[in-house]
Amino acid sequence: MARRRSRKYAVPGVEQGMQTFKANVMKNEGYAVNPSRPDDVKYEVAKEIGVPLQEGNNGELSTESVGHVGGKIGGPMVRELIRLAQEELTKRE
């Protein structure tokens with residue numbers, strides 16, 4: 001039986017902030033995001049790219065398929081983090 005991965009952030013107490021960040025980024029990408037359940041956006045992304053992701057066990061899905069879903073979410077988040085860091089660095093100059 002597959003175990004569900006437990007996310008651990010390097011900085012304690014940032015979980016809520018990261019969820020809010022994800023919700024804002026995905027909303028800016030054009031997805032309908034429930035701010036109280038931002039992780040649910042993965043189902044909308046999966047449907048859009050043709051991956052049959054559903055709540056519960058998805059053991060039949062390939063790592064590649066699930067990676068495509070994660071990439072559509074993580075990519076914009078990383079780009080936004082880089083943009084924010086560059087903006088912060090520009091303020092310091």
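The values are calculated or read from the model by the stated rules, or taken from the named source; none is laboratory data. No experiment lies behind these values; they were computed from the predicted model shown. Glycine also receives a Cβ, built like all others from the backbone with ideal geometry; neighbour counts cover every protein chain displayed.
Among residues of the stretch 56-93 being basic (Lys, Arg) and farther than 23 Å from GLY30 by Cα, the one that is modelled with the highest pLDDT is LYS91. Consider the stretch 1-48 and keep the residues that are among the aromatic types (Phe, Trp, Tyr) and either loosely packed, with under 10 Cβ neighbours inside 10 Å or modelled with pLDDT of 90 or more (or both). The one that is farthest from LYS72 (Cα to Cα) is PHE21.
Screening GLU80 on (1) out of contact with any Phe, Trp or Tyr (no Cβ under 9 Å at 6 or more places or on another chain); (2) surrounded by 14 or more Cβ atoms within 10 Å (Cβ to Cβ); (3) of a type in the set (D, E, K, R) shows it passes everything except condition (1). Looking only at the stretch 13-35, residues that are in contact with a helix residue (DSSP H, G or I) (Cβ under 8 Å, 6 or more places away or on another chain), without any contact (Cβ under 8 Å) to a residue 24 or more places away in the chain and not in a helix (DSSP H, G or I) come to 5 in all.
Number of residues in the stretch 49-65 that are surrounded by fewer than 13 Cβ atoms within 10 Å (Cβ to Cβ) and either assigned to a loop (DSSP other than H, G, I, E, B) or in contact (Cβ under 8 Å) with a residue 24 or more places away in the chain (or both) equals 9.
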